[in-house]
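To start, the structure under review is shown below, and the notes come after it.
The values are calculated or read from the model by the stated rules, or taken from the named source; none is laboratory data. Everything numeric in this text was worked out from a predicted model, so none of it was measured. Cβ sites come from the backbone with ideal geometry, for glycine too, and all protein chains shown count toward neighbours.
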Ligand code: ADP
């Protein structure tokens, strides 16, 4: 089956055309600056593999989707001769609230529920709905599937997702921990169980998805039992530009001192904090590592605070699961930054995790066991592939 995978962000649209039988990628690309001037689409030619770029204004996601269709159908660079070759579309949808604990085929009722969750993800869900709408118009009758970032975490027990605030806020507004990056945590934990060669029901895995946004999940018996992001993706670890968890009373204090309103405080926490805010240098770990090599003390502080935060969350999840078989690293930092992995893993020698320094420092962007052969607890780099996971779910639902 040929599955078109669509991932709409507030100003972006990423796509891949994947063969769900062979898992080959026929086409992929990224539309940027949707709704802003100077739009631009970067894509790979499906015929030559050549990197191409198209400058085109995209006032909304509908225009961007139409441009993607034109690229897919292009006689020189396209992947298909007719849209009829595309069997189904899989959409990444950020927030499924408490409605969805797995992927679903999209119908009017599903669209209404995704709308109902828009309050919970105001930047993302409306963009996802625009993608679904554009698709329905240009490819009527083609089945569409929604794959939610939150769905995998719906297995968390109540004691893990509830916040210690009046229960009425949960009842009235569904304020609770939801967790994100679920597609990635699910994909990597399944792969980890395969690697361990055990039924997933008998495994305890901690997945560290460390990218621009970062979250860690405790996966017990194949189910998410706790995760570090919360009601929003601002919670948990220090991230590229996000603060992660802080004492909420700090907000009032800063608001008073700097005369900031709630929106301005949230912008500060989302965009000006984290590794960027601490280092004053960059949100990108490549720059942080380079800064440390040049003796930049604040780059070192940002690195140390990020890794220390990860150590504490992993430690708490080992306690939560009463054990761990594997600590897996994925996403931009997790797959590529061996220094971050080494700094985190050195604190787990107490559970018998021994790092193979040589393999670790040579591992970038590929699957590898970075613990030693006789390490009691294993550690692996497992590259994530959210698009493939979306294509697999879509094919499964359409074939049913
Ligand atoms: P997202 O921003 O969508 O979460 P990624 O998972 O691709 O995206 O993560 C991007 C981040 O990964 C970058 O900001 C950077 O910090 C980190 N990164 C990417 N490549 C490297 C590398 N070679 N070495 C260190 N860090 C890297």
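From the residues in segment 273-285 that are in contact (Cβ under 8 Å) with a residue 40 or more places away in the chain and within 8 Å of the ligand (Cβ to nearest atom), which one is nearest to residue 343 (Cα to Cα)?
Out of the qualifying residues, it is 285.
Need the failing condition index for residue 117 against (1) surrounded by 20 or more Cβ atoms within 10 Å (Cβ to Cβ); (2) modelled with pLDDT of 95 or more, just the number.
With (1) surrounded by 20 or more Cβ atoms within 10 Å (Cβ to Cβ); (2) modelled with pLDDT of 95 or more applied to residue 117, the lone miss is (2).
Working only within segment 112-169, note down all residues that are in contact with a helix residue (DSSP H, G or I) (Cβ under 7 Å, 6 or more places away or on another chain), in a loop (DSSP other than H, G, I, E, B) and touching a residue at least 40 places away in the same chain (Cβ under 8 Å).
139, 143, 149, 150
Here is a check on your reading of the model: is residue 366 over 23 Å from residue 238 (Cβ atoms), touching a residue at least 12 places away in the same chain (Cβ under 8 Å), touching a strand residue (DSSP E or B) at 6+ places or on another chain (Cβ under 9 Å) and surrounded by fewer than 20 Cβ atoms within 10 Å (Cβ to Cβ)?
Yes, satisfied.
So, in segment 194-212, exactly how many residues are out of contact with any strand residue (DSSP E or B) (no Cβ under 7 Å at 6 or more places or on another chain) and at negative phi?
9
Of all residues in segment 296-335, how many are part of a helix (DSSP H, G or I), at negative phi and either out of contact with any strand residue (DSSP E or B) (no Cβ under 6 Å at 6 or more places or on another chain) or within 15 Å of the ligand (Cβ to nearest atom) (or both)?
Final tally of qualifying residues: 24.
I'd like the residue in segment 61-79 that is in contact with a strand residue (DSSP E or B) (Cβ under 7 Å, 6 or more places away or on another chain) and not in a helix (DSSP H, G or I) and, out of all such residues, is farthest from residue 8 (Cα to Cα).
Looking at the filtered set, the residue picked out is 77.
Residue 51 is checked against (1) in contact with a strand residue (DSSP E or B) (Cβ under 9 Å, 6 or more places away or on another chain); (2) surrounded by 15 or more Cβ atoms within 10 Å (Cβ to Cβ); (3) without any contact (Cβ under 8 Å) to a residue 40 or more places away in the chain and fails just one. What number does that condition carry?
Status for residue 51: all satisfied but (2).
Here are some conditions: (1) in contact (Cβ under 8 Å) with a residue 12 or more places away in the chain; (2) within 11 Å of the ligand (Cβ to nearest atom); (3) surrounded by fewer than 17 Cβ atoms within 10 Å (Cβ to Cβ). Residue 290 meets all but one. Which one does it not meet?
Unmet for residue 290, out of (1) in contact (Cβ under 8 Å) with a residue 12 or more places away in the chain; (2) within 11 Å of the ligand (Cβ to nearest atom); (3) surrounded by fewer than 17 Cβ atoms within 10 Å (Cβ to Cβ): (1).
Scanning segment 341-400 for residues that are over 21 Å from residue 304 (Cα atoms), in a helix (DSSP H, G or I) and within 16 Å of the ligand (Cβ to nearest atom), which turns out farthest from the chain's Cα centre (by Cα)?
362
Please state which one of 76, 112 is at pLDDT 95 or above and loosely packed, with under 15 Cβ neighbours inside 10 Å.
Exactly one of 76, 112 is at pLDDT 95 or above and loosely packed, with under 15 Cβ neighbours inside 10 Å, namely 112.
How many residues does segment 79-101 contain that are surrounded by 15 or more Cβ atoms within 10 Å (Cβ to Cβ) and touching a residue at least 60 places away in the same chain (Cβ under 8 Å)?
Of the residues in segment 79-101, 12 are surrounded by 15 or more Cβ atoms within 10 Å (Cβ to Cβ) and touching a residue at least 60 places away in the same chain (Cβ under 8 Å).
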